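What follows is calculated from the coordinates using simple rules that are stated; it is not laboratory data. Worth saying up front: this structure is predicted, and the values here are computed from it rather than measured. All Cβ positions, glycine included, derive from the backbone under ideal geometry; neighbour counts span all protein chains shown.
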Amino acid sequence: MTAIRIDIVDKTYPSQRQSPGHRAIADLKLELPSNEFICLVGPSGCGKTTLLNILAGLDRDYRGEITVEHRHKTPKIGYVFQNPRLLPWKTVRENITLALPTDHDPKTVDALLDTMQLTDAQQVYPERLSLGMSRRVSIIRAFAIDPDVLLMDEPFVSLDAPTARQVRELLIRLWQQRPHTVLFVTHDLREAIALADRLVFLSSPPMQAISEIRVNIPRDKRDDETAIEAFRQKLLQDHPEIRALL
């Protein structure tokens, strides 16, 4: 079953001068399955964040059509930004429940905090959190609304390698408990392989889809760096067009 259909004919940022604007996306067509973890991989500046903003409804200035399969009255889109964007005057728990109805089930938040190992920090204010903890809070906040689609824009950027690995493992544990369609943006191929069911490679602007490749490494082998590197090497060997995108 398809969760998202993307058909963006054109997305162009207008120029302030008389010169033509910047065409970010052109003739991008994708059909993404339900409940898969999909990593969007492409060079910096290729328009990955622009695409997520369009999917989230934050940018409507484009030509094309986006269809999102949804279980709710209107599609619920969770969005994890590069910056955790926590309100400094609210505690961890208050930041998570901000987007929830007042009659939400507290046990749902309790379970999310437990999975992400933040139960003991739920009454802490953001200034006392490490960057890794802040990112975990932003992930919980996105999951808590029970989204139809979760968008993640390089959420582990600037984390040190051990912390990034820990948060990735916690993210996958949470996603396996609450499966839904995830679009995760990254330019780190190893990270993408460790996370994804499916890799979608995107070109430099104007963005187009170059390749879609399934990751056939079993989930219980994704912490094996040797397996990840072997898959990466074979991927680059079999698909030389990808090298130019990394």
- Just order 93-103, 220-230 by mean Cβ neighbour count inside 10 Å, highest at the front, would you? 93-103, 220-230
- Can you check what the Kirkwood hydrodynamic radius comes to for the chain, Cα pairs only, in Å to one decimal? 18.9
- Note on the structure: From DSSP H assignment alone, runs of 4+ in the chain each adding -39500 (n - 2.57), the sum over residues rounded to the nearest 500 puts [θ] at 222 nm at -9500 deg cm²/dmol
- Query: Quick one: of the DSSP bridges fully inside the chain, what percent are antiparallel, nearest 5?
  - Reply: 50
- Residue with peak Gaussian network fluctuation, the chain [Cα springs, cutoff 10 Å], from Lys234, Lys48, Lys29: Lys234
- Note on the structure: For the stretch 2-245, the charge dipole (Cβ of Lys, Arg +1; Cβ of Asp, Glu -1; about the Cα centre) points to a positive end, and the Cα of Val41, Tyr62, Pro147 closest to that extreme belongs to Tyr62
- Contact order relative to length for the stretch 123-246, counting C-alpha pairs under 8 Å separated by 6 or more residues, stands in percent at 19
- Query: With the contact rule set at Cα under 8 Å and sequence spacing of 6 or more, what percent relative contact order holds for the chain?
  - Reply: 28
- Message: How big is the dipole moment of the stretch 98-232 about its Cα centre under a simple scheme where the beta carbon of each Lys and Arg is +1, that of each Asp and Glu is -1, and everything else is neutral? Debye, nearest 20, please.
- Response: 180
- Quote the charge dipole size of the stretch 164-236 about the Cα centre in Debye, to the nearest 20; the model charges only the Cβ of Lys and Arg (+1) and of Asp and Glu (-1). 160
- Relative contact order of the stretch 65-129, pairs being alpha-carbon contacts under 8 Å that are 6 or more residues apart, as %: 40
- Can you give the Kirkwood hydrodynamic radius for the stretch 105-220, in Å, rounded to one decimal and based on Cα pairs? 15.5
- Roughly how many debye, to the nearest 20, is the charge dipole of the chain about its Cα centre, given +1 on each Lys and Arg Cβ, -1 on each Asp and Glu Cβ, and no other charges? 300
- Using the structure shown, list the pairs from Lys11/Lys48; Lys48/Lys76; Lys76/Lys107; Lys11/Lys234 with a Cα-Cα distance above 24 Å, or answer none. Lys11/Lys234
- Options Ala111, His72, Ile172, ranked by Cα towards positive dipole end of the stretch 2-245, top entry (Cβ charges): His72
